[in-house]
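Below is one structure, written out as C-alpha cells; the observations come after it.
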Amino acid sequence: MAHKYVYLFTEGNASMRNLLGGKGANLAEMTNIGLPVPQGFTITTEACTRYYEDGRKIADDIMEEIMQYVETMEKLNGKKFGDLENPLLVSVRSGARASMPGMMDTILNLGLNDDVVAAMIKGNPDPKFERFVYDCYRRFIQMFSDVVMEVGKKHFEKLIDIMKDKKGVTYDTELSADDLKDLAQQFKAEYKNQLGSDFPSDPKVQLYEAIRAVFRSWDNPRANVYRMDHDIPYSWGTAVNVMPMVFGNLNDNSGTGVAFTRNPATGEKVLMGEFLTNAQGEDVVAGVRTPMNITEMERLFPEAYKQFVDVCNILENHYRDMQDMEFTVENGKLYMLQCRSGKRTAAAAIKIACDLIDEGMITEEEALMQIDAKSLDMLLHPTFNRHRLERAEVIGHGIAASPGAAAGAIVFTAEDAVKRGKNGEKVVLVRLETSPEDIEGMKFAQGILTVRGGQTSHAAVVARGMGTCCVSGCGDIKMDEENKCFTLAGEVFREGDFISLDGSTGNIYAGLIPTVPADPNSGYFGRVMDLADKYKTMGVRTNADTPHDADQAASFGATGIGLCRTEHMFFDGERIGAFREMICSETLEEREAALAKIEPMQQSDFEGLFEAMHGYPVTIRFLDPPLHEFVPTDEADIRALAKAQGKTVAYIKQVIADLHEFNPMMGHRGVRLAVTYPEIAAMQTRAIIKAAINVQKEHPDWNLVPEIMIPLIGELKEYRFVKDVVVKTADEIIAASGIELKYEVGTMIEIPRAALTADEIAKEADFFCFGTNDLTQMTFGFSRDDAGKFLPSYYQNKIYESDPFSRLDVIGVGRLIKMAVDLGKGANPKLHCGICGEHGGDPSSIEFCNEVGLDYVSCSPFRVPIARLAAAQAAIKAKK
C-alpha cells in the first residue's frame, strides 16, 4: 500500500498532531466532536519533509494524491474547483505541530480567475454581491503575489492608496465594485510587470504553487528565528490545510473574529476577543480597520454569538485548557476555522493552571505541564511597555544573553557606569567585551551590550547572576572606544545617547522605551513553585559568588550553591592589589605573604555564603581562570603596582608578558594553578574550613558539609595531588578547632578525558559537577567566546539548530555526561552528581539531566524558578 500523505478532517484526531500539525489535528478533532468546520483535508508534515528531501519539489505521487482529495472535498461540499456554475474556493494554511503564530504563510480565496468571477456575478444580480466577489479577487491576487510569488505587497498597497485618494475615501470598504474590479486588473498588470508572466488562471496551478509556498515558508527567516528561540526542530516540517472558503466579507450579515476563552494577559476567566463585520480574517490582525469587542457580536449576530459561546465552553472543557479560536460568520451561520491552546503571559499561565486545578478540570501534574518554564523569565525581570515596543524600530540584533528589558544612556567604561549610576542615572554599558574588572560598573548598569562573546561569555554569565539584562555578540556594531562612540544601522551613537535592550530576544532599539517592573510575588507563583517542589526529584542549586547572589537565589527557592566561582571575589578594589602582589611574587615567602592578606577576605565571603544557605550544601570551586586575567593592562595601573611592590615597571611588564598564552582557555588554569602553586589551594582550603567552623558554631542545629571542588581535572594523579593538599590542610584546622566538621572533595568534569576515566576519578572523589560550558567547548573544539562569529552560518545551513552553549548537545556532550555518571556511580555508589554550567537553567537540558540520573542542577539565581518547574516537568514526563 502506498504511503498516505493526505487525510480528510474526518480521518484525523487530536492525537495525530505530529503528522497533521496542530491546526490539522484540531480541525479534525473539532469535526469529530460535531462542531461546524468547513470540510477539507490536511497534507502531512511528512510530505513537507519529502519536499525538502526531493530538492524543494512536490513529488508527482503526492500531488496526485492531493488532487484525489480535492475531488473528495468537491463531493463533500457540492462545489467544483474552477467550475463556472458552482465554483469551489479554498484557503491554504500552514500548521506545524508546535504553534508558530504568524511565522508561516496563508493564502485565501484560491480558485478565482476572470471566468469564475464573471460566472459568480452572473448568478447573483445583487450589486453588493458583485462588490464582494471583486473584493475577494483583488485580495487573492495580492496575497498570491506576495506569499506565493514573493512580489512585495507594498506594490499593491500603493495602488490601493492611489485608488482611495482618487475616490476621496479612507477605508477599503468604501471602494465600490467598479473600483475593486479596476484594482484587480491593475494588480494583474503589476504582477506581470514584476514577474514578466501572466497571473495564473488555472486553479490547479494556483493550488500547486500555494502548497509549495507553505512548505517553503517553513524555511523562511522569521520561522527559522522563531524555531531557534522555541527549540522547534527543523526536521519536524509543517503540514498544509486545504479547506473551503467561508466568507466573512460576503455582506453585513457576515464577519470574522479571533477570541480566547480566558484573558491571555491576566488569566481572568472571561471571553476575550475581537470581531469585524463584512471582513476576512486578515483584516482583524492587519489593523486596517479597528475591530470591535467580541461582546458586540451578541448585538449584531445574537444566534451566532450564542452558538459561539457554547462552542467556547465545549472546546475548553474538551481540551481542558484556555483556547485561542478563529471563526467566521457567513450570512449569520457560524464556522470554526481554528482552535489551539492559547499563547499567554507567564502571569496568565500560572493563574490559569491554578484555576483549572480548582475547577476540577486538570490534575496538579497536568497544570505544571501546561506552563512554559522559560516564560517565567517574564515574572522575574523587567519587560518593555508592550504598546511602546510595538512602535519601536529594531536597529540591531545580538545574542539574548540575559533576559529582561533595559533602557538608558550609553556609557563605554565601567568607571563611567559607576559614576553616573551613583548619581541616579540609568545607563547601558557598551563594551567590545567585558572583563572581570568591569564587575562594579556592571552592577550599576541597567543593561550590558557587547560586540563580542556568546551565551557563556563573561558578560553573559555575570549578567545572569546579577539578573541584569544583557545582549552580547552584536558583531554589526563598529566600535570606536577611543572617541566613545559606535556605529550601528548607519547611525552613530555617542556617550549619553539613549538605547534600549531586550535581553530576552537580543533586539537593540534606539531611544528610551519605558519598562514595566517585574512582579513575581503573586500567590499563584508561590503555589506553582510549591507544586513543582512536590513533584521534582532533582535538587535545584544556584551559581552564586556573593552573599547577595546567594540570598537572591534562596528567595527563589534554591536549596544550595552548586558553584561558587572564587575568582570573582578577587576583583574588589581592596583585594585585587593583594592578588596582583601574589602573582608578581618572586619567592614562595612573598607569595604566601600576599595570600595571607587575601585569606581573611575569602573567609568572610564564605561565611556569608554559608549563612545565606542556612545549612544547605555549598560547593566552592578553587581558583579557575588563567592569571593573566588579573593583571593590569593600563599603564597607570602597572606603575601603581610596581610602586606598591617596590619593583620596577619593567619587571611588572615582564611578568605580564610571561603570563601571555596563545590559548589561555586550555592553558595554565584550574587544577594546573594548584599544582604549580599549591599554596593557593592551601589558602583557599583554610578560608573555606575556617568559615564553615565559625558558621557551624553559630548554628549548632545546622549540619554544614562544605564541598571543595577542584576544577579542570583530566588526570587522576593531578586530582590526587591537589586533594592531598586539601585534606592535610583541612584536617589540621578541624583538629585544632575542637569541633567535628565533615567536608567533601570533588571535581568538575569539564575535559572529555575526565568523563572517559570517570570510574578511576570517582574512587577518590566525593562528587562530580559537570561544567558544561567548558565540556561543550572542549568536545566541539571551538572557543565559546569566538563561536558567535561562525555559528550563524551553521544555523543557516541547518548544521546546528541551536546554540550548543545554550541548549545541551545531548548526542555528543550528553553521551560523555551519561558515561561519566554511569562509570562514576558504578565505581562509587555514594558519589553525587550535578551540573553547574549555563545548561543548568535550560528546560530541555534539565530534562536530559533528569534522564541520566543527576542529583541536582545549578543555575544563575534568576533561573532557579525556571529550573524548579523544569525539573518537575522532567520528573512527570519520566513517570509517564
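Equivalent-ellipsoid semi-axes for the stretch 832-880 (Cα gyration tensor, √(5λ), whole Å, largest first): 16, 12, 8. The portion of the accessible surface of the stretch 1-87 made up by carbon and sulfur, rounded to a whole percent, is 47 (1.4 Å probe; DNA, RNA and ligands excluded). In a simple Cβ point-charge model (Lys, Arg +1; Asp, Glu -1; nothing else charged), the chain has a dipole of about 640 debye relative to its Cα centre. Counting protein heavy atoms only, the stretch 461-581 has 47 percent of its accessible area on carbon and sulfur, 1.4 angstrom probe. When the chymotrypsin sites (Phe, Trp or Tyr not before Pro) in the stretch 788-880 are filtered for DSSP coil states and for at most 11 other beta-carbon atoms within 10 Å of their beta-carbon, the remaining sites are Phe790. In this structure the amide hydrogen of Gln338, modeled in the peptide plane, comes within under 5 Å of the amide hydrogens of Glu326, none closer than 5 places in sequence on its chain. Sorted largest first, the spans of the alpha carbon positions of the stretch 9-163 along the three principal axes are 46, 35, 30 Å.
Between the C-alpha center of the stretch 302-337 and that of the stretch 683-707 there is a gap of 63 Å. Taking amide H as placed 1.01 Å from N in the peptide plane, the amide H of Gln323 sits under 5 Å from that of Thr261, Arg262, Gly342, each at least 5 places away or on another chain. Could you tell me the distance between the Cα centroids of the stretch 628-670 and the stretch 1-62, to the nearest Å? The distance from the Cα centre of the stretch 628-670 to that of the stretch 1-62 comes to 65 Å.
When a/c is below 1.5 the answer is rounded, else prolate if a/b is larger than b/c, else oblate, so apply that to the stretch 492-599 with a ≥ b ≥ c taken from the square roots of the Cα gyration tensor eigenvalues. Verdict is oblate for the stretch 492-599. Listed options for Kirkwood radius over Cα pairs in Å are (i) 28.8; (ii) 32.3; (iii) 30.5. The value calculated from this structure is the one marked (iii).
In this calculation the C-beta distance from Ala59 to Thr676 is compared with R0 = 45 Å, giving a FRET efficiency of 0.10. For the stretch 704-829, the Kirkwood estimate of the hydrodynamic radius, built from every pair of different alpha carbons, is 16.2 Å. Taking every protein chain into account, the 1.4 Å probe leaves Arg17 with about 90 Å² of accessible area, to the nearest ten.
Restricting attention to the chain, close to 65% of DSSP beta bridges with both partner residues there are antiparallel. Which of the listed residues, Val394, Gly78, Gly55, is farthest toward the dipole's positive end in the chain, when Lys, Arg count +1 and Asp, Glu count -1 at the beta-carbon? Of the listed residues, the answer is Gly78.
Please go through the stretch 444-506 and write out the GluC sites (Glu not before Pro) that DSSP classes as loop and that have at most 11 other C-beta atoms within 10 Å.
Glu482
Which whole-angstrom value gives the distance between the alpha carbon centres of the stretch 339-384 and the stretch 113-190? Cα centres, the stretch 339-384 to the stretch 113-190: 43 Å.
For the stretch 589-606, backbone phi angles converted through the Karplus equation (6.51, -1.76, 1.60; θ = phi - 60°) give residue-by-residue couplings of 4, 4, 5, 5, 5, 5, 5, 4, 6, 7, 3, x, 5, 4, 4, 4, 4, 5 Hz, Gly and Pro being listed as x. Within straight-line reach of Lys879, meaning a Cα separation under 13 Å, sit the following aspartates and glutamates at least 8 residues removed in sequence or on another chain: Glu365, Glu366, Glu847, Glu851.
Let me have the relative contact order for the chain, percent, based on Cα pairs under 8 Å that are six or more residues apart.
Reported as a whole number, the value is 9 percent.
Across all directions, the shadow cast by the convex hull of the stretch 310-460 built on its C-alpha atoms averages 13.5 square nanometres. Residues in the stretch 228-240 carry Karplus couplings, in order, of 5, 5, 10, 6, 9, x, 4, 5, 5, x, 10, 8, 10 Hz; the curve used is 6.51 cos²θ - 1.76 cosθ + 1.60 with θ = phi - 60°, and Gly or Pro positions show x. With contacts taken as Cα pairs under 8 Å and at least 6 residues apart, the stretch 697-750 reaches a relative contact order of 61 percent. Among Ser15, Phe862, Phe768, which residue has its Cα positioned farthest towards the positive end of the charge dipole of the chain, with +1 placed on the Cβ of Lys and Arg, -1 on the Cβ of Asp and Glu, and the dipole taken about the Cα centre? Of the options given, the answer is Ser15. Scaling the Cα radius of gyration of the stretch 635-692 by the globular reference 2.2 N^0.38 Å produces a ratio of 1.48.
Ranked by solvent-accessible area (1.4 Å probe, protein heavy atoms only, all chains present), the residues Trp702, Trp236, Trp218 order from largest to smallest as Trp236, Trp702, Trp218.
Along the axis of the charge dipole computed for the chain (Cβ charges of +1 for Lys and Arg, -1 for Asp and Glu, origin at the Cα centre), the listed residues Leu180, Val169, Asn220 are led at the positive end by Leu180. Treating each Cα of the stretch 488-553 as one equal point scatterer and applying the Debye formula with no solvent, the log10 of I(q)/I(0) at q = 0.23, 0.26, 0.28, 0.29 Å⁻¹ comes out as -1.09, -1.15, -1.18, -1.19.
Residues whose amide H lies under 5 Å from that of Val516, counting only those 5 or more places away or on a different chain, are Thr383, Phe384, Asn385; hydrogens are built 1.01 Å from N in the peptide plane.
Over the chain, accessible surface divided per residue gives 41 Å², non-protein components excluded, 1.4 Å probe. Taking 0.36 nm per residue of sequence separation and removing the Cα-Cα distance, the Asp731/Asp114 pair yields an extension gain of 212.8 nm. The string of couplings for the stretch 794-802 from the Karplus curve (6.51, -1.76, 1.60, θ = phi - 60°) is 5, 5, 4, 9, 6, 6, 10, 9, 8 Hz, one whole number per residue in order, with x for Gly and Pro.
The values are calculated or read from the model by the stated rules, or taken from the named source; none is laboratory data. Small disclaimer: the values here were computed from a predicted structure and weren't measured. Virtual Cβ from ideal backbone geometry, glycine too; neighbours counted across all protein chains shown. To get the accessible areas, we keep the full protein, side chains included, count just its heavy atoms, and leave off ligands, DNA and RNA. Shrake-Rupley method; radii C 1.70, N 1.55, O 1.52, S 1.80 Å.
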